[in-house]
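Some notes on the structure that comes next.
Laboratory data are not the source of any read-out in this text; all were calculated from the coordinates shown. Keep in mind the model is a prediction, meaning the values are calculated, not measured. Note that we place each Cβ from the backbone using ideal geometry, even for glycine, and neighbour counts take in every protein chain shown.
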Amino acid sequence: MMHQKILSGTLTALTDRDAHLRLDGLTKRYGDTDAVAALNLNVPKGELVALLGPSGCGKTTTLRMIAGLITPSGGRIVVGGSDITRMPVYKRDMGLVFQSYALFPHMTVAKNVAFGLEMRGVPKPEIERRVTEALAMVRLESLAGRKPRELSGGQQQRVALARALVIRPSILLLDEPLSNLDAKLRDEMRNEIRDIQQKLGITAVFVTHDQVEALSMCDKVVVMKGGKLEQVGTPVDVYERPETPFVASFVGRTNRLEGAARGDGTVSVGGATLRVPGRPNGPVEIMMRPHRVRLADVDASPAGEGTNRLDGRLTRVTFVGDLLQYHVDVNGAELIVEAASDHGRFFRAVGTPVTLSWRIEDTMVFRRAA
Amino acid sequence: MSVAVAESVIPVPRPALGRVGTATLLLLPIALVNAVGFLLPVLNLLRMSFNEALSGGGIRETFTLANWVGLAGDSFYLELILNSVVVSLTITALTLVLSYPIALYLHRSSGRWRTFLTVLVISPLLTSAVVRTYGWIALLADQGPITSAIAALGFAPPRLMFNTTGVVIGLVEILMPYMILSLLAGFGRLDPRVEEAAMTLGARPVKTFWRVVLPLTLPGIALGCLLCFVLAVSSFITPKLLGGGRVFLLATEIYDQAIVTLNWPLASTLSILVLVIFGAALAVYARILRAID
Amino acid sequence: METNQTSLPMKILVALLFLFLLAPVILVVPISFSGEQILSFPPQSWSLRWYIALAQNSAIISAFWTSLMLGAIVTVLSLAAAIPAAYVIVRMRTMGSGFLYNLFTAPLLLPTIVLGLAILIVFASAGFLGSFWGLVIGHLVITLPYALRVLATTLGNLPLACEEAASTLGGRPFTVFRRVTLPMMAPGIVAATALCFLVSFDEVVITLFLTGPRLTTLPVELFHHVESRADPLVASVSVLLILLTLGVVMIVDRTVGLSKTFVK
């Protein structure tokens, strides 16, 4: 017992010292509603952290408070050990990349990138050197003399990135930077941003509503809802071990069933009994990922060790290219099973009775208000 | 009228002044002009209409309804007011009739041709009313081209200037750009496909116009009429020059009372009356808009 | 160019209406080259005598310079007052921005004859009549609302993100305004400049109330001239005025586009 306490104490101390950005009870109130409610967050140096959530969850408000564009109603923002909560935006040293890029339309690409350096009174020759360097980093040296309107969306995005990075900010802030790009370019920029961030070892906060971006790019994912933290963890954590039903359904697709847990590791769902990890009691909701569920012909033999099984009827099959989605009616609830599409061949015709099975450890169970 | 207001605000640091202090300082010049050149004079005008005018331009500070009662009991002024309203309504109606075809044509044209025609419509707006009225004096003069042409056709040459006819002709032309622009703004609702639809349903062009085009353009018509009426009631330059002192309207009377007779209380009372007519026109307009909807 | 819905009679009608609309402006051009003593159309003889007469008319020339000076000063002051006002109303959003905007543009709703009289009465007791600076204030009353309207609309349509980006990059508020906001407002500023100058340069009614025997502007001088006698002198002035307006309009059209500026 004693030992454990000391250990956890040490751990806290460690994280605190390592935290480059720390939010302490950060709050933003508009009238009666809290856009951001008492947010606590530590971001270690050099990490890329995603703030993930649906629109209105407070992720952008949080980012703008860190940048200094919105004054918090309460709480503290600490960067590198010093409190910057009341520091005006122009003294903060944050590199912010906007969703709309916000390039200065009346300045050339080079002038855009040089702006932050000029504001800092950097000598001219050094400005030139650093601008060239920054443009080289985003592979835009040849377009230095262009005006923003002469650039494609992806190029504008890279100028915005260079402009934010050239000042060597203490933190790089990215506000949905990829949402205005088409799908292919988005994949490209995702890798490019991640590569640059890791090469520079810069601490970065990335706001997005797209779970794929958050999972694929970031060291840590912060899932937000209604101004509050739902879960903080690695991409694998939030996907495989969601702590709330919201996280489970927002990060990745889920099937959902309601049931009553008996306290012995089993849950009654409709007429069937499912086994779940842990020993919850009372009303629960059960979730499982569509691609973790297997589809088979009806099988009367008892379920194998470590497996849950439900019988249903195939109601619809949807072909989405790389995947086939089977919609199965299980006692009035619709569950979805995803399987790799095999040259468009369907498993069975619509109307066929089928059996669904999945592993017990793939069953996510959450307490549900009665 | 509304201003797009920014979604969030760049925090301005709090130096010596603070946010409100900075804002106040920046607004000070425009506020001063507004106070000295607008608020104070207009309030004073209201006050002045309750003062007593003495002979020879004197004014006694008091509170009397004499100016208002005097107006109501003087047949000259009652006729003047009625005349102003009737002339303005006539002008509005004529302006509408003459502007509608131009606006409709403009609405149906496109590209550089439309830009060119729009510039033609706007350009008179940028030309001084004095210059345009002067042009009408040349056209409508007794020996001018129009009267001469009528005489050449064997009719008795009419008097077109220094009477109400001249004022109406001049003002109609001067107000046409306003009407055309208002109509055009209202024509936004008029999709050419609607007309085409009506015709494919078997409506002849004339019928299409009365049953489809006109009803759709009513809001633009109402706006244009409001604007023209209001401008006509308060117009001064054209009635003064083309009326040659023989046409008595509200605006010319305000000027004469203020500059020639030096009866400021009466001039103020007439001015307030113009504002009251404005208010009435606006109320009618609001009612018409509601009826259209 | 145009749709085939327009029939020939309609085209002829529209052409005639355009002729009516433009007749008085077009007419002054031939009249200005009249050789006649009095105003007549068409003139019996042609000459440049009225341009020569104009060059020798010191009253009109001095009125022209007064108008030019007045227009320039009023324009500069309008911009100087309206730019910060637009910034406060649109960007800073302190107390009652909407109310302030409506209050500051309210003079446009009043007829100039009423506004002119109202200003006359107040200025008379302040001894401002017939003074140049009295005229400046009188003109500012109507140019400021125009300038504010154009500039506030321009600023309201600008993306706020650019200014935010500049401040995160280390620009202090005034630097952000000077380096980013102001340059991005350029089209609105050009439009407001042209509008203020033309409104001031053409203003007659309010000016009529405020000018005195020793100080008069060109439109007022022309007004009195037309009122008292009919000769082609005014036509020659008018032609020059139309050319001046055309010049201003062309500059605006080159920079921001005409319809954006004058069609609201």
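Among A:329-338, B:276-285, what's the highest-first ranking by average C-beta atoms within 10 angstrom per residue? Display every interim value, and only then the final one.
Working: A:329-338: 15.9, B:276-285: 14.2.
Highest mean packing first, the order is A:329-338, B:276-285.
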message: At a 10 Å Cβ-Cβ cut-off, how would you order A:Val205, B:Val206, B:Val119, fewest neighbours first?
response: B:Val206, B:Val119, A:Val205
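From the Cα gyration tensor of region C:65-215, with a ≥ b ≥ c the square roots of its eigenvalues, which class applies: rounded if a/c is under 1.5, or else prolate if a/b is larger than b/c, or else oblate?
Numbers: a/c = 2.75, a/b = 2.11, b/c = 1.31.
Prolate, because a/c is 1.5 or more and a/b exceeds b/c.
Just tell me how shielded B:136-145 is by partners: mean number of partner chain Cβ atoms within 10 Å of each residue's Cβ, no decimals. Don't skip to the end; give the middle numbers.
Numbers: counts 3, 7, 16, 5, 1, 5, 0, 4, 4, 5.
Taking the mean over all residues of the peptide, I get 5.
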Charge dipole of the protein assembly as shown about the Cα centre (unit charges at C-beta), most positive-ward option of A:Ser73, A:Ala214, B:Ser88: A:Ala214
- request: Take every Cα pair under 8 Å in chain A that's 6+ residues apart, average their separations, divide by the length, and report that relative contact order as a whole percent.
  value: 15
statement: In chain B, helical segments from DSSP H whose Cα atoms cover 27 Å or more along their own axis and that average at least 0.5 on the Kyte-Doolittle scale are B:75-108, B:164-186, B:214-234, B:264-292
message: Rounded to whole Å, give me the distance from the Cα center of region B:209-248 to that of region A:183-262.
response: 63
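Mind checking region B:142-227 for chymotrypsin sites (Phe, Trp or Tyr not before Pro) that DSSP puts in a loop (not H, G, I, E or B) and that have at most 16 other Cβ atoms within 10 Å? Show your work: numbers first, answer last.
Working: sites: B:Phe155, B:Phe162, B:Tyr178, B:Phe187, B:Phe209, B:Trp210; in loops: B:Phe155, B:Phe162.
Loop-located and lightly packed - B:Phe155.
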task: Past 18 Å, Cα to Cα, is the threshold; run A:Lys28/A:Lys225; A:Lys45/A:Lys220; A:Lys124/A:Lys199; A:Lys111/A:Lys199 against it and keep the listed order.
output: A:Lys124/A:Lys199; A:Lys111/A:Lys199
- prompt: Among A:Ala248, A:Ala349, A:Ala134, whose mean-square fluctuation peaks in a Gaussian network model of chain A (Cα, cutoff 10 Å)?
  reply: A:Ala349
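Average partner chain C-beta neighbours within 10 Å, per residue of C:10-21? Can you show the working numbers first?
Values: counts 5, 2, 0, 4, 8, 2, 2, 9, 7, 0, 6, 13.
That average works out to 5.
With +1 on each Lys and Arg Cβ and -1 on each Asp and Glu Cβ, and nothing else charged, work out how big the dipole of region A:145-217 is about its Cα centre, in Debye to the nearest 20. Could you put the intermediate results ahead of the total?
Working: 11 positive and 10 negative charges, 83 e Å.
Its charge dipole is roughly 400 debye.
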field: Selection from B:Ala31, B:Pro158, B:Pro215, by position along the positive dipole direction of chain B (Cβ)
entry: B:Pro215
- prompt: Ranked by Cβ crowding within 10 angstrom, fewest neighbours first, how are B:Ile30, B:Ile122, B:Ile259 ordered?
  reply: B:Ile259, B:Ile122, B:Ile30
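Let me know the charge dipole size of region A:116-158 about its Cα centre in debye, to the nearest 20, where only the beta-carbon of Lys, Arg (+1) and Asp, Glu (-1) is charged. Let's see the in-between values first.
Numbers: 9 positive and 6 negative charges, 25 e Å.
In total the dipole reaches around 120 debye.
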query: What distance in nm separates the simple spin-label points at C:Arg178 and A:Asn331, each placed 7 Å from Cα in the Cβ direction?
result: 7.5
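Under the definition of partner shielding as Cβ atoms of other protein chains within 10 Å of a residue Cβ, what is the mean value for peptide B:238-248? Could the numbers behind the result be given before it?
Details: counts 0, 0, 6, 3, 1, 0, 1, 1, 0, 0, 0.
Mean partner shielding for this stretch: 1.
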message: If I take every Cα pair under 8 Å that is 6 or more residues apart in region C:40-159, average their sequence separation and divide by the length, what percent do I get for the relative contact order?
response: 38
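Considering only the protein assembly as shown, what is the antiparallel percent among its DSSP beta bridges, to the nearest 5? Numbers along the way, then the final one.
Numbers: 69 of 87 bridges.
Antiparallel: roughly 80 percent of the beta bridges in the protein assembly as shown.
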query: Taking R0 as 41 Å, what's the FRET efficiency between A:Asp299 and A:Glu188 from their Cβ-Cβ distance, rounded to 0.05?
result: 0.35
message: Just to be sure I understand: with springs between alpha-carbon atoms less than 10 Å apart, which residue in B:Ser88, B:Ser75, B:Ser49 has the highest mean-square fluctuation in the Gaussian network model of chain B?
response: B:Ser75
query: Which Cα, out of C:Ala81, C:Leu210, C:Pro145, lies furthest along the positive dipole direction of region C:65-215 (beta carbon charges, K/R +1, D/E -1)?
result: C:Ala81
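Counting pairwise Cα distances across the protein assembly as shown, what percent come out greater than 38 angstrom?
On the way: 262222 of 429201 pairs.
When all Cα pairs of the protein assembly as shown are counted, 61 percent exceed 38 Å.
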- request: Specify the angular offset, from 0 to 90 degrees and rounded to the nearest 10, of the alpha carbon long axis of helix A:153-165 from the longest principal axis of the alpha carbons in chain A.
  value: 60
field: Most to least packed among C:135-142, B:33-40, C:7-14 [average Cβ atoms within 10 Å]
entry: C:135-142, B:33-40, C:7-14
query: Picking from B:Pro265, B:Pro205, B:Pro29, which is most flexible by a Gaussian network model of chain B using Cα springs under 10 Å?
result: B:Pro29
Between 0 and 90°, nearest 10: helix A:2-18 axis offset from chain A longest Cα axis: 40
- prompt: Relative to the Cα centre, what is the charge dipole magnitude of the protein assembly as shown, using +1 at the beta carbon of each Lys and Arg, -1 at the beta carbon of each Asp and Glu, and rounding to the nearest 20 debye?
  reply: 1100
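Within 10 Å of each residue's Cβ, count the other Cβ atoms and sort A:Arg86, C:Arg91 from fewest upward.
On the way: A:Arg86 13, C:Arg91 23.
If I rank by nearby Cβ atoms, fewest first, I get A:Arg86, C:Arg91.
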